[in-house]
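So the structure is just underneath, and the comments pick up after that.
The values are calculated or read from the model by the stated rules, or taken from the named source; none is laboratory data. Remember, it's a predicted structure, so these values are computed and weren't measured experimentally. Here Cβ is always computed from backbone atoms with ideal geometry, including for glycine, and neighbour counts include all displayed protein chains.
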């Protein structure tokens, strides 16, 4: 398992994550928490729309969250 790399940045994965490095794993957690908050505000918001809205915010979104949003929106193997 030591040779498995982060699906986004190719850095060493966080063993508890299985597919992301520590920073992208943390971004995934923050993205999920943020989506739950947006769902409360917007009542119904498809996940892909949420990701696109984050990307539309540009520099207001952190780099690791932006990386993860792009990965999930454009490069995810399964949707």
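Among the numbered conditions (1) in a loop (DSSP other than H, G, I, E, B); (2) at pLDDT 90 or above; (3) surrounded by 13 or more Cβ atoms within 10 Å (Cβ to Cβ), the only one that residue 10 does not meet is (3). Scanning region 13-24 for residues that are in a loop (DSSP other than H, G, I, E, B) and crowded, with 16+ Cβ neighbours inside 10 Å gives 13, 14, 17, 20, 21.
Of the set (1) without any contact (Cβ under 8 Å) to a residue 60 or more places away in the chain; (2) surrounded by 14 or more Cβ atoms within 10 Å (Cβ to Cβ), all apply to residue 68 but (1). All conditions but one from (1) at pLDDT 95 or above; (2) under 18 Å from residue 26 (Cα atoms) apply to residue 62; the one that does not is (1).
Each residue in region 48-65 was checked for being in a helix (DSSP H, G or I) and surrounded by 12 or more Cβ atoms within 10 Å (Cβ to Cβ), and 10 of them qualify. Scanning region 38-47 for residues that are assigned to a helix (DSSP H, G or I) and exposed (fewer than 13 other Cβ atoms within 10 Å of the Cβ) gives 40, 41, 42.
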